[in-house]
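Notes follow the structure.
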C-alpha cells in the first residue's frame, strides 16, 4: 500500500521560539512499514508549507497522522481534508489515544492506534488491505456505528529489535535544532518510564517498564548518523537516557573509541547525576555538552503532588558536578501547582536564579489528557481549546492564583533568570542572533498565543 505519514505543524509560539526536530515516532513507523513492503512518504509540516497538497493525499491509500495535545486542532484539519478526498485516516500519539471518543465522533478518523505503533500499524494495514474485521487487530480504537470499540493492547516492541528510523525519507537539512551552532539530530535509546509524574503521560503511553537498547545498538545508529548523514551533534531524547549508568559509560566509551568529534545533549535525573560521578566524567570526555534536569519546584508539597521527591541539596550538587565537568545544565521548572500561592512561585523563581543553571525553562502546570493530573483537575478545566495546552497558559481554575497573575509570574521568571548576570544577558543575546524573528513569524506567534 501507499502510505502517507503526516506530522502537523507546531503552533506559532513554538515555531518562533522553539527548534524543529525530525518526528522520530513517525520515522520509526515508516521504517516498520517499509520493512513490511509498503511504500511510504513522510511529510513534516513543521518544515514544509503549512497546507498539505491534495496531490499527496490522492496518491496515498492510507493517511497516518500523529499528534500531541497542542497540535490536535491542526491534525484534525488534515484529517478532514484526507477524509473529504476519501482516504482512510489513522491517527496515533498521546492525545488521539486518550481523547479517542472525541476524535472518532467527528467521523474524519477511521481508527486510532494505541501506544507505540511500530508493530500495530503494519498489522492494521494488512487488515485494511484484506478488508477484514477491524476488531481482529490488537492495539486500536474505532467506532462501530455509535459504539466505541477498543481492542486489547497491541504487542509492545523491543527497541533493540526495531529497524533504525527512516531518516532517508526526510530532508534533514531543513531542521533548525543545533547544539553550540552545530546542526543536531535526535536519537532514541530507550522507551518506557518507571516514574509516576502526575503531569506526564509518558508512562501511560509507553508503559512503566523501561526498555533500553544495548550500547552496541545505540552506537550502530550513531555510526549511521555520523558517517551517512554527517551530523556532529545529537540529542538523546528519551526520558531516561541515564537510568543505567553502566550503559551510558559503555556508549561514551564507544564514542571515544571511534574518535568521533561528536557533541551531545540528554535528559537525566538529579539522583542519577549525583550518585554517578564516574558516569558524568565519561559523558564529558565523550562530548556531552548539555544535560536536562527536571527540577520543577522549590516547594516540597508541590513535588509530592507531582509524584516527585524533593532532592534537597542534591540538586545543587548535581548542577555543580555537571558544570565542573564542563557540561551545561538545562533546568526545568513548573509554576502554579494547586497548593501554591504567588509567594511559592516566587520561591521557585529565586531557586532557579540561585542554582544558576546555564539554561532555564519555566512552564505553567498543564493537565494533559492521559495524565493523573488531567483526571484530578477535569472539573476545574475552563479552557478546551487544545492549542492553549502549551504550558504557557493556565487552562484550569486555580484555587489560589489568578490566571493573569500566573502568566505575569511566568514572564517575570524568564526576565529574572536571563537578567541575573552580565553573562546570562550576553548568552541570551547571542541566542537571539541565531533565531529568525521576522515580522511574519512574530505575528503568527502573537495570533497563536492569544486567539
Checking residue 161 against (1) farther than 24 Å from residue 61 by Cβ; (2) surrounded by fewer than 22 Cβ atoms within 10 Å (Cβ to Cβ); (3) in contact with a strand residue (DSSP E or B) (Cβ under 7 Å, 6 or more places away or on another chain): exactly one of these is not met. Which one? (3)
So if I check each of 19, 6, 62, which one is surrounded by fewer than 23 Cβ atoms within 10 Å (Cβ to Cβ), outside the structural domain of residue 368 (by TED's automatic domain parsing), touching a residue at least 24 places away in the same chain (Cβ under 8 Å) and within 25 Å of residue 127 (Cβ to Cβ)? 62
Would you check which residues across segment 2-20 are modelled with pLDDT of 95 or more and farther than 11 Å from residue 64 by Cβ and list them? 2, 8
Positions within segment 227-248 being surrounded by fewer than 19 Cβ atoms within 10 Å (Cβ to Cβ) and assigned to a helix (DSSP H, G or I), in sequence order: 227, 228, 245, 246
Could you check residue 392 against (1) surrounded by 17 or more Cβ atoms within 10 Å (Cβ to Cβ); (2) under 17 Å from residue 297 (Cα atoms); (3) modelled with pLDDT of 95 or more and say which number it fails? (3)
Let me spell it out: the conditions are (1) without any contact (Cβ under 8 Å) to a residue 40 or more places away in the chain; (2) part of a helix (DSSP H, G or I); (3) surrounded by fewer than 17 Cβ atoms within 10 Å (Cβ to Cβ), and residue 153 meets all of them except one. Which number is the exception? (2)
Output for segment 344-372, where each listed residue is in a helix (DSSP H, G or I), over 28 Å from residue 327 (Cα atoms) and in contact with a helix residue (DSSP H, G or I) (Cβ under 8 Å, 6 or more places away or on another chain): 344
Within segment 188-195, can one find any residue that is under 30 Å from residue 302 (Cβ atoms), part of a strand (DSSP E or B) and assigned by TED's automatic domain parsing to the domain that holds residue 303? yes
Of the residues 139, 154, which is at positive phi and in contact with a helix residue (DSSP H, G or I) (Cβ under 7 Å, 6 or more places away or on another chain)? 139
Hey, among 375, 397, 380, which residue is free of Cβ contacts under 8 Å to residues at least 40 places away in the same chain, touching a helix residue (DSSP H, G or I) at 6+ places or on another chain (Cβ under 9 Å), surrounded by fewer than 22 Cβ atoms within 10 Å (Cβ to Cβ) and closer than 20 Å to residue 305 by Cα? 397
Of the criteria (1) modelled with pLDDT under 95; (2) touching a helix residue (DSSP H, G or I) at 6+ places or on another chain (Cβ under 9 Å); (3) closer than 21 Å to residue 417 by Cβ, which one residue 309 fails: (3)
For residues that are surrounded by fewer than 22 Cβ atoms within 10 Å (Cβ to Cβ) and more than 28 Å from residue 422 (Cβ to Cβ), scanning just segment 312-362, find the one that is nearest to the chain's Cα centre (by Cα). 338
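The values are calculated or read from the model by the stated rules, or taken from the named source; none is laboratory data. The model shown is predicted, which means the values in this text are computed figures rather than measured ones. Because the Cβ atoms are built from the backbone with ideal geometry, glycine has one as well, and the counts that use them run over all protein chains shown.
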